[in-house]
Amino acid sequence: MTTSTNGAFDRKPFIAGNWKMNMDHVQGITLLQKLAWTLSDAKHDYSRVEVAVFPPFTDLRGVQTLVQGDDLDVAYGGQDLSQFDSGAYTGDISGQFLNKLGCKYVLVGHSERRTIHNESDDVLNAKVKAAFKHGVTPVLCVGEGLEIRQAGTHVNHTLEQLRAGVAGLNADQAAELVVAYEPVWAIGTGEVAGPEDAQEMCAAIRAELGQLFGADTAAKTRLLYGGSVKANNAAAILKERDVDGLLVGGASLDPAEFANIVRFESHLVTD
Ligand SMILES: O=C(CO)COP(=O)(O)O
């Protein structure tokens, strides 16, 4: 059964854990095993709420082996990809390699990539296209820093990032795309955006996608919120009409906490 947090659309709730540069490949396997056991003990129904993890590249082969060997219903993906297919790009990872490892998703334009690695909107647009080209669904991350939030221009700023990221996509791609709104001031700070802030931005993103690709397409695109999500604030954010899931950083490193976030969402569905 496909469910929705809001009942209005056919969007399957999506809870994703971004491990960032944490967990070597041995630790990563243990974390994923514990998560799978916890969700299995809780009788989590993966057909109601999709679960994905974004481990470091070096963990992906181990994650693939565990997911296949134990027949886990957990999706996984890379935290970045190259805009190029192959060649002399030392240190970069092709979308083709991610596809070959069974990655369903890839993060594109996480704020830590935008700020620490200076990734431009043009590069990120090329990465979004590279992901689609290689059969991996991009999770395009957008969001404003504190100064922009305080200046009150956060919606315009975030929509500019969105427009640049999705330029040149077709409607099918826009429907498959996942967009994560992650206000930079709320990442790893303990400052969580209020549910109404998450809703304000997700509604604006959906409206913009509607302008660009048509309302029917925009009604299919899943929009996530990320930034200091914990089990005790997840449910309130997920109640919002345009928020279809969560991109969780720190709390995804604790299997019990992350499982609770996944289960909070599934309680909401049956409210
Ligand atoms: O950046 C994030 C997820 O991609 C959010 O991180 P935190 O949940 O640790 O704030």
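Rule-based calculations on the coordinates, nothing more; no lab input. Since the structure is predicted, the reported quantities are computational estimates derived from the model, not experimental observations. Every residue, glycine as well, gets a Cβ built from its backbone with ideal geometry; the counts of neighbours run over all protein chains shown.
Starting from the amide H of Tyr76, placed 1.01 Å from N in the peptide plane, find each other amide H under 5 Å away whose residue is 5 or more places distant or on another chain.
The answer is Val53, Lys104, Tyr105.
Can you list the residues of segment 126-142 with backbone N under 18 Å from a point 7 Å past the Cα of Lys100, pointing along Cα to Cβ?
Answer for this model: 130-137.
Calculate, in nm to one decimal, what Glu147 and Asn22 gain on full extension: separation in residues at 0.36 nm each, minus their alpha carbon distance.
Extra length from Glu147 to Asn22 when fully extended: 42.2 nm.
Arrange Asp244, Asp122, Asp41 by Cβ neighbour counts within 10 Å, fewest through most, would you?
Ascending Cβ contact count within 10 Å gives the list Asp41, Asp122, Asp244.
Expressed in nm to one decimal, what extension gain is obtained for the pair Asp216 and Asp10 from 0.36 nm per residue of sequence separation less their Cα-Cα distance?
Extra length available between Asp216 and Asp10 comes to 73.1 nm.
For the chain, compute Rh as the Kirkwood radius over C-alpha pairs and then the Stokes-Einstein diffusion coefficient at 20 °C and 1.002 mPa s; write the answer in µm²/s, rounded to an integer. Could you put the intermediate results ahead of the total?
Numbers: Rh = 18.4 Å.
Answer, rounded: 117 µm²/s.
Tell me the net charge near Pro56. Cut-off is 14 Å between Cβ atoms, Pro56 excluded, with +1 for each Lys or Arg and -1 for each Asp or Glu.
-1
Using only the Cα atoms, work out Rg/Rh for segment 1-128, with Rh taken as the Kirkwood radius, to two decimals.
1.00
According to a simple spin-label model (label point 7 Å from Cα along Cα-to-Cβ), what is the distance in nm between Asp71 and Ala167?
With each label placed 7 Å out from Cα toward Cβ, I get 4.7 nm.
Rounded to whole Hz and in sequence order, give me ³J(HN,Hα) for segment 59-73 from the Karplus expression 6.51 cos²θ - 1.76 cosθ + 1.60, θ = phi - 60°, writing x for Gly and Pro.
Working through the residues one at a time gives 8, 5, 5, x, 4, 4, 4, 5, 4, 6, x, 9, 6, 7, 9 Hz.
Hey, which lysines would be in cross-link range of Lys220, C-alpha to C-alpha under 27 Å, not counting anything within fewer than 8 residues on its own chain?
Hits, sequence-local ones excluded: Lys12, Lys100, Lys104, Lys127, Lys129, Lys133, Lys230, Lys239.
Over segment 131-256, one equal point on each Cα, no solvent: what is log10 I(q)/I(0) by the Debye formula at q = 0.17, 0.22 Å⁻¹?
-0.85, -1.30
Residue by residue through segment 42-54, what is 3J(HN,Hα) from phi via Karplus (6.51 cos²θ - 1.76 cosθ + 1.60, θ = phi - 60°)? Round to whole Hz and write x for glycine and proline.
With the stated coefficients, segment 42-54 comes to 7, 6, 5, 9, 5, 6, 8, 9, 6, 10, 9, 10, 10 Hz.
Could you give the length gained on full extension between Ala256 and Val155, defined as 0.36 nm per residue of separation minus the Cα-Cα distance, in nm? Write down the numbers at each step before the final one.
Numbers: separation 101, 0.36 × 101 = 36.36 nm, distance 3.40 nm.
Between Ala256 and Val155, full extension yields 33.0 nm more.
Which of Met201, Met21 has the fewest other C-beta atoms within 10 Å, and how do the rest follow up to the most?
Least crowded to most crowded, the residues run Met21, Met201.
Once the other residues with Cβ under 13 Å from the Cβ of Ala171 are scored (Lys, Arg +1; Asp, Glu -1), what is the net sum?
Residues near Ala171 contribute -2 overall.
Within 10 Å of each residue's Cβ, count the other Cβ atoms and sort Arg61, Arg222 from fewest upward.
Arg61, Arg222
Report for the chain the percent antiparallel among DSSP-assigned beta bridges with both residues inside it, nearest 5.
Just about 0 percent of them are antiparallel.
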